[in-house]
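Some notes on the structure that comes next.
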Amino acid sequence: MSAEENKRVVERFAEEWNKGNVEGALALAADNIVDHNPMPGQLPGKEGMRQALVSFKKTFPDIKLNNDFVIAEGDRVVDHGVARGTHQGDLMGIPASNKPVSIEYTDIYRVANGKIVEMWHAEDMLGMLQQVGASPLTSH
């Protein structure tokens with residue numbers, strides 16, 4: 001597949017996620033997808049990805065990804081943006097605060113045969129914890 005086709009796979013993943021369609025997003029992942037930054041206790045493969053996505057949707061049911069940019073070269077696709085939603089469910093033992101959050105993220109995907117086969121991701125978890133009142137640190 002071309003870099004542009006790979007980019008479209010990642011863009012479709014975000015579109016399905018933003019519609020609240022976890023299964024539609026998962027359809028774009030290979031069964032043996034490797035998440036290089038899994039949540040603690042996350043299962044491997046697509047089941048682990050399902051576990052992470054469902055957990056995140058329970059915590060932030062209205063979360064939307066807002067990609068500032070998506071860049072593709074060969075089989076690698078990078079996106080960067082801000083996810084916005086409301087903390088409405090348990091977050092790592094932290095009860096719902098009903099506060100809005102903006103979470104900056106950067107993801108790198110490897111795409112093969114129209115499926116996401118590897119992913120690396122970094123989210124501003126400290127900023128998220130500050131926004132829900134779970135961190136004594138304050139942002140500047």
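The values are calculated or read from the model by the stated rules, or taken from the named source; none is laboratory data. In this text, all values refer to a predicted model and were calculated from it rather than measured experimentally. FYI the Cβ positions are ideal-geometry reconstructions off the backbone, even for glycines, and counts take in every protein chain you see.
Summary of values
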{"read-out": "Single residue of segment 42-56 satisfying the filter (in a helix (DSSP H, G or I) and free of Cβ contacts under 8 Å to residues at least 12 places away in the same chain) that is farthest from V111 (Cα to Cα)", "value": "F56"}
{"read-out": "Matching residues in segment 79-105 - criterion: being outside any strand (DSSP E or B) and of a type in the set (G, A, S)", "value": "G89, G93, A96, S97"}
{"read-out": "From L65, L91, residue being within 20 Å of A122 (Cα to Cα), crowded, with 17+ Cβ neighbours inside 10 Å, at pLDDT below 95 and of a type outside the set (G, A, S)", "value": "L91"}
{"read-out": "Total residues in segment 1-41, condition out of contact with any helix residue (DSSP H, G or I) (no Cβ under 6 Å at 6 or more places or on another chain), touching a residue at least 60 places away in the same chain (Cβ under 8 Å), among the polar types (S, T, N, Q) and not in a loop (DSSP other than H, G, I, E, B)", "value": "1"}
{"read-out": "Flag if D124 is closer than 28 Å to R8 by Cβ, surrounded by 15 or more Cβ atoms within 10 Å (Cβ to Cβ), in contact (Cβ under 8 Å) with a residue 12 or more places away in the chain and out of contact with any His (no Cβ under 6 Å at 6 or more places or on another chain)", "value": "yes"}
